[in-house]
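In what follows, a structure is listed as structure tokens, so that the remarks can point back to it.
The values are calculated or read from the model by the stated rules, or taken from the named source; none is laboratory data. For clarity, every value in this text was computed on a predicted model and none was experimentally measured. Cβ placement follows ideal geometry from the backbone for every residue including glycine, while neighbour counts extend to all protein chains displayed. Areas reflect the complete protein model, heavy atoms only, side chains present, ligands, DNA and RNA absent. Shrake-Rupley method; radii C 1.70, N 1.55, O 1.52, S 1.80 Å.
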Amino acid sequence: MNIFINGSPADITLETEKTVGDILLGLEAWLTGTGNRLSGLSIDGKEIGVKALDDFFSREISDIKNLDIRISTWPALAAQALNDLRGICAYWENAGFEDRKALVSDWEKSAACVFLAAEISDMAGFASRAFKGEGLAPSQLSILAEERIRELSDPGAEIENAANAVQGIASRLEDLPLDIQTGKDGRAAETMQLFTRLGEKLFRLLFALKSRGLSIEGFTVDGSPVKSFMDDFSAALKELTAAYENRDSVLVGDLAEYELAPRLIKFFEALKEGASLTVS
């Protein structure tokens, strides 16, 4: 049997492998930690879809002539899945009821949907709800997917573009206790939501930089290893959320002004420095 990876002959020596599944499992073990993923498969020229892949795991390799395996980087697969989602959203706007049912059916069977469900679960959830008429409208979902694609394709530019948002949210965090004390509940709730979303975005951008070669092991924020920073940041956020729910404006003020607002700015500055060290 001839084995190809991305169209090129693969230097793979088969030993105890008997089935396609044996080969793919061994390949997945090899891919772990490389940032690459299995993205496609064809057997003797026949393309095997994601949904049908399990049916071929037990296929004996003795009667296969050519096994063509495709691998891609995680960011490339993620960007493709998100772009496919944007395509569905675009069709949705002008589709009738029956056409929308067909679109959803096709989406749920697609490789993009499977990938998002496994790898970017929040986007998969947004999509599922949007196509049921809940949560975000498909047009809003498309905008969100486009933002995620920008984060993957050019994290450095996306970090630079977040500068005003970081400063704005840091300022709002400092105003948070006063908003609670003066009954500005809507503004206080919005501040919490905006801060949470921005924090999630910055962490996504960190891992986008990692995919471009940034060493997470050597990455520091204000002199601390990034893992320690993330642990402390998450703990402070949980404490802030609890204090906010209990309307403890004194504790909210201390955490927001002296813990989270400074850390948000320091994290952002570290990301900018990290972006300058990676290849765009």
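Evaluation of Leu194 against the conditions (1) open to solvent by 80 Å² or more (accessible area, probe 1.4 Å); (2) closer than 27 Å to Asn246 by Cβ shows that the sole unmet condition is (1). For the stretch 241-262, taking the residues that are charged (D, E, K, R) and in contact (Cβ under 8 Å) with a residue 40 or more places away in the chain, the one that is nearest to Leu202 (Cα to Cα) is identified as Glu257.
Residues checked against (1) acidic (Asp, Glu); (2) part of a strand (DSSP E or B); (3) outside the structural domain of Arg204 (by the TED database):
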residue	(1), (2), (3)
Ile12	no, no, yes
Thr16	no, no, yes
Leu38	no, yes, yes
Asp55	yes, no, yes
Asp68	yes, yes, yes
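Scanning the stretch 137-146 for residues that are in contact (Cβ under 8 Å) with a residue 24 or more places away in the chain and surrounded by 14 or more Cβ atoms within 10 Å (Cβ to Cβ), we see that the one that is farthest from Ala78 (Cα to Cα) is Pro138. Here the stretch 61-118 is the region considered, the condition is being surrounded by 16 or more Cβ atoms within 10 Å (Cβ to Cβ) and in contact with an Asp or Glu (Cβ under 7 Å, 6 or more places away or on another chain), and the residue that is nearest to Ala137 (Cα to Cα) is Arg86.
Just one of (1) open to solvent by 30 Å² or more (accessible area, probe 1.4 Å); (2) at pLDDT below 95 fails for Arg129. It is (2). Identify all residues within the stretch 87-136 that are without any contact (Cβ under 8 Å) to a residue 12 or more places away in the chain, among the small types (Gly, Ala, Ser) and within 30 Å of Ile71 (Cα to Cα); write none if there are none. Within the stretch 87-136, Gly87, Ala102, Ser105, Ala117, Ala118, Ser121, Ala124, Gly125, Ser128 meet the criteria. One residue alone among Phe203, Phe207, Phe233 is of a type outside the set (Val, Ile, Thr), under 30 Å from Thr73 (Cβ atoms) and in contact with a Lys or Arg (Cβ under 7 Å, 6 or more places away or on another chain), and that residue is Phe233. Within the stretch 221-240, being touching a residue at least 12 places away in the same chain (Cβ under 8 Å) and either open to solvent by 50 Å² or more (accessible area, probe 1.4 Å) or among the aliphatic types (A, V, I, L, M) (or both) holds for Val221, Asp222, Val226, Met230, Asp232, Ala236, Leu237, Glu239, Leu240.
Put simply, of Glu200, Glu160, Glu174, Glu151 the only residue that is of a type in the set (Asp, Glu) and surrounded by 20 or more Cβ atoms within 10 Å (Cβ to Cβ) is Glu151.
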